[in-house]
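Q: Just dropping this structure here.
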Amino acid sequence: MSTQKQPLVVEKIINAPVARVWKAITNHAELQKWYFQMAAFEPKKGFEFTFDAKSNGQTFTHLCKVTEVDRKQKAPAYLDL
């Protein structure tokens, strides 16, 4: 079994205007409405952030980094460290 981390790539088509989706996934206040609570978020390459997810009574802290931002083509890419 390998201990190397492999990326998980998720592609999804969303039936909404690009501007609306972009705002929902890059604006800190909008992001918190549907995603996890986090202290800060910026859609900038290299920005690091954390959030906690709870499941079955346990809390899992995710350490993430924005690895790519391409407003015209796709959403910011996040790497869970």
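Q: Name the pairs: first residue in the stretch 20-39 and in a helix (DSSP H, G or I), second residue open to solvent by 70 Å² or more (accessible area, probe 1.4 Å), Cβ to Cβ under 6 Å, at least 6 apart or on different chains?
A: Correct list of pairs: 21/14; 30/23.
Q: From 16, 53, which residue is out of contact with any His (no Cβ under 9 Å at 6 or more places or on another chain) and open to solvent by less than 100 Å² (accessible area, probe 1.4 Å)?
A: 16
Q: State all residues of the stretch 40-71 that are assigned to a strand (DSSP E or B) and over 12 Å from the mean Cα position of the chain (by Cα); if no residue qualifies, say none.
A: Answer for the stretch 40-71, where residues must be assigned to a strand (DSSP E or B) and over 12 Å from the mean Cα position of the chain (by Cα): 52, 53, 54, 55, 58, 59, 60, 61, 70.
Q: Name the single residue, out of those in the stretch 21-47 being open to solvent by 90 Å² or more (accessible area, probe 1.4 Å) and more than 22 Å from residue 11 (Cα to Cα), that is modelled with the lowest pLDDT.
A: 37
Q: In the stretch 48-81, which residue that is of a type in the set (D, E, K, R) and under 19 Å from residue 7 (Cβ atoms) is modelled with the highest pLDDT?
A: 48
The values are calculated or read from the model by the stated rules, or taken from the named source; none is laboratory data. If you're wondering where the values come from, they're calculated on a predicted model, not measured in any experiment. We place every Cβ from the backbone using ideal geometry, glycine too, and count neighbours over all the protein chains shown. All accessible areas refer to the heavy atoms of the entire protein, side chains included, with ligands and DNA or RNA removed. Shrake-Rupley method; radii C 1.70, N 1.55, O 1.52, S 1.80 Å.
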